[in-house]
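Structure first, then comments.
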Amino acid sequence: KLDADKVELEKQRLNMASFIKSVVETNRAKADRKGLVLELNLQDSDADYLVDPLRLRQVLNNLIDNAIKFTHQGRVKVSLMVEQYEVEHWLRFEVEDTGAGIADNKLEAIFSPFAQADNSVTRKYGGTGLGLAICAQLIKLMKGHYGVDSREQQGSLFWFKIPVQKLDVIQPTPRLKKAPVTVTQSNGNAILLAEDNE
């Protein structure tokens, strides 16, 4: 869909602090399994913005997953900052790790499709080399910018920022009528229902 220009953004009202916390918590178990510290740094971001939560979550999950994958000890730090230029609001996201890092001569290529920093990466970690390329395309679709700073054996910092519309006034949500509850006789079978939508 990205290659065919068929992806359309679906912007929704989102409390950014709650959203980024949920994204980080989704990835915490992976960090815990590797003994890594997963940190979240929020700066003046407890406000509502108009964004596409699906695409934004896709980019963040990919960057955080990569950071955890390529970090064997230390920490992964996720930061969110709000930048304001006159009437424009931008959200800047950073994912910093203490992992393997990337050589200077490989940095430019890692956002290209099917590119990975080294052939041994595919053998050791798997993957297609499409994750960062998709992130780059989605960030461009959101009219944003992205980049990376990295040093071998010291870690990497991936960042991107997107322009957003800040929503100051909280709209009251309409009260939903409660549906009548019907109780049926159980036949003895147990059912587990798992739902990620509150």
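Look at the range 157-198 and say how many of its residues are hydrophobic (A, V, I, L, M, F, W, C), at pLDDT below 75 and farther than 30 Å from S45 by Cα.
So the answer is 3.
Can you work out which of the residues in the range 62-91 that are over 19 Å from Y146 (Cβ atoms) and part of a strand (DSSP E or B) is least open to solvent (accessible area, probe 1.4 Å)?
It comes out as R75.
Name the one entry in I68, I64 that is farther than 26 Å from Q84 by Cα and touching a strand residue (DSSP E or B) at 6+ places or on another chain (Cβ under 9 Å).
Every option except I68 fails the conditions.
Quick check on the range 116-141: of everything there that is open to solvent by 20 Å² or more (accessible area, probe 1.4 Å), of a type outside the set (S, T, N, Q) and more than 20 Å from G155 (Cβ to Cβ), which residue is modelled with the lowest pLDDT?
So the residue we want is R123.
Which of the residues spanning the range 45-61 are crowded, with 19+ Cβ neighbours inside 10 Å and over 16 Å from K166 (Cβ atoms)?
Across the range 45-61, the qualifying residues are R55, V59, L60.
Which numbered condition trips up Y49, out of (1) under 19 Å from G144 (Cβ atoms); (2) of a type outside the set (D, E); (3) in a helix (DSSP H, G or I)?
(3)
Return the residue satisfying two criteria in turn: it lies in the range 9-39 and is more than 21 Å from Q165 (Cβ to Cβ) and touching a Ser or Thr at 6+ places or on another chain (Cβ under 8 Å), and of such residues it is surrounded by the most Cβ atoms within 10 Å (Cβ to Cβ).
Only one residue tops the list, namely L36.
Looking at the range 21-36, is at least one residue part of a strand (DSSP E or B) and in contact (Cβ under 8 Å) with a residue 40 or more places away in the chain?
Among the residues of the range 21-36, not one is part of a strand (DSSP E or B) and in contact (Cβ under 8 Å) with a residue 40 or more places away in the chain, which makes the answer no.
The values are calculated or read from the model by the stated rules, or taken from the named source; none is laboratory data. Note that the structure is a prediction, hence the values are computed from the model and not measured. Neighbour counts are summed over all protein chains in view; Cβ atoms, including those assigned to glycine, are modelled from backbone coordinates with ideal geometry. Remember, those area values only see protein heavy atoms, side chains included, never the ligands or the DNA or RNA. Shrake-Rupley method; radii C 1.70, N 1.55, O 1.52, S 1.80 Å.
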